Each structure stands twice: as C-alpha cells, then as structure tokens.
1. Find which of S223, L35, C212 sits farthest along the positive direction of the dipole of the chain, computed with +1 on the beta-carbon of Lys and Arg, -1 on that of Asp and Glu, about the Cα centre.
2. Taking the Cα centre of the chain as origin, sum charge times position over the Cβ atoms of Lys and Arg (+1) and Asp and Glu (-1), and report the length of that vector in debye to the nearest 20.
3. Which net charge results for the neighbourhood of G122, defined as the other residues with beta-carbon distances under 10 angstrom from its beta-carbon, given Lys and Arg at +1 and Asp and Glu at -1?
4. Quick one: dipole size for the range 8-87, taken about the Cα centre, charges +1 on Lys/Arg Cβ and -1 on Asp/Glu Cβ, in debye to the nearest 20.
5. Mind listing the Cα extents of the chain along all three principal axes, in Å, largest one first?
6. Could you list R87, R219 in order of exposure, starting from the residue whose Cβ has the fewest other Cβ atoms within 10 Å?
7. Tabulate in residue order the Karplus-calculated ³J(HN,Hα) for the range 143-156, using 6.51 cos²θ - 1.76 cosθ + 1.60 with θ = phi - 60°, rounded to whole Hz; enter x for Gly and Pro.
8. Counting each DSSP H run of 4 or more residues in the chain as -39500 (n - 2.57), what helix-only mean residue ellipticity at 222 nm follows after dividing by all residues, to the nearest 500 deg cm²/dmol?
Amino acid sequence: MISSKDNPKFKGWVKLRQKKFRKLEQLFLIEGEHLVVEALKANLVVDVLLREGIAFECDAPITYIDHHLFEKLVFTETSQGIMAVCRIEEQEIVNYERLLLIDNVQDPGNVGTLIRSALAFGYDGAVLSEETVDIYNDKVLRATQGAVFQLPIKVTNLESYISELCEMGVKVYGTHLSKDALTMEEIPASESMAFVVGNEGIGISDTVLERCIGNVVIRTSASVESLNVGVAGSILMQKFNGIK
C-alpha cells in the first residue's frame, strides 16, 4: 500500500501525466478496467495500480494506493479505481496494403477514433506526424478503446515517409477540399494504398499534400461543407478497407 505522496514510485507515476516524462521514461498511464485488460493481453503492463478496496486479479505486479493519493493519478471524475503503468513499445509496420497517415490532428478524440476505425477496417498501421497530438495522451487512449494495443502505430516525419511509400509502389492520396480532388467513386482501388487526413482547421500541410499522387473528397450535400476528420477518415477507410 502506498500512502505517502513522497513515495518515489508514486511521484514518478504522477510525472507520467506529462508528455515529456512519458517520452523520457518510455512509460505511460492508462485508466479503466477495459484498457488495463487490453494492455495485459499485449504484455505491456509494468504495474497495475489499484485504489484501496478494489479487487482485480492478474499476473502482473499489483500496487495498492491510498484513496486520496489515487485521485491525484486519475484522469476521469468517476474512476473505476484501476490503472496501469505500461511500456512504450512501437510495433513495426510490416504490411503496406492499407495505411492511414495522420497529419497534425490535434483533437485527442479524433485521433483515437481514427485509430479505432483503422483497426476495424483492416488497416495495416497508422502513421502520425510529429506534430499530431501525443498517442499516449489519456483522451487518445480512451478513444481508441484498446485499438492502440493492436494496431501498429508509428510517429515520424510524414513528408519523408510518404516519399518512401511512393518508392515502394504505395499509392498515397491526400484528403483536401480542392477543385482538382476526385470523389471516392473516382479513385480506383489498388493493392497498396495510403490515405492522409489533416488538421481540423487547416487540413493537410502543403508539403505533405504535394507528395501525394492524388486527392480525394467525400461527396456531401450542399448544406454541409466538410466533415469532422474522424468521421471523414472512417468513411474513407470503410470504402477502401483492408478486411480479409
């Protein structure tokens, strides 16, 4: 039982609420039984953290924490009393039939939704620009509903990565509301495809867009100019899915 805020382990876990410490320690926090169970399946859990009085069985080390201290760790107002400290381990993308590229998307809910949809529609991985919200942000993790533990995710420079994909024969399409854009129906399905979705306000950066071989838009009624990036990306991935 940890009952002092000066406990070295507890102080270290509190720091993991900040991105710079997550990156430094290569660790992150998750909250809620569902995410903890998914992380256990992925063999990423270092410690399971339980609020005093909570029962949970697993093979990983378990640490009980005083009720008041536990509240300093949690992200939600109605906590289930279970958290975990997990290792950051990047899964390698080994297949390139279908990829999602995320350029500077800032809303955690949108990124989480996109990752969950990518897994649902059989995509081989998601690649995030370095400017995109941190994948280990608690709101992102909760929005993925555990998909983050199953889908290979890479954070890198998108311009360079797209150039590499093109050299491998992957057809990379942007999603930008420009006059030269083609509708989903006009884009032929190919063996290897990647789609780039962009920032909620400014869309895909020009330097990323110019590396794409084409541009695709989703047809909507005249009364709606554009769709939320999470919704649009999900529709696009369903249309060009990789489900086998």
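Values in this text are rule-based calculations from the coordinates and carry no lab data. As the structure is a prediction and not an experimental result, all values here were calculated from the model. All Cβ positions, glycine included, derive from the backbone under ideal geometry; neighbour counts span all protein chains shown.
1. Value: L35.
2. Values: 24 positive and 34 negative charges, 84 e Å.
Rounded to the nearest 20 debye, it is 400 debye.
3. Details: positive: R98, K244; negative: E97, D124.
Here the count lands on 0.
4. 660
5. Ordered largest first, the chain gives principal extents of 62, 39, 31 Å.
6. Values: R87 14, R219 7.
Lowest to highest Cβ neighbour count: R219, R87.
7. 5, 6, 6, x, 4, 4, 8, 10, 9, x, 10, 10, 10, 7
8. Numbers: 9 runs with 73 residues, N = 244.
Value at 222 nm, helices only, nearest 500: -8000 deg cm²/dmol.
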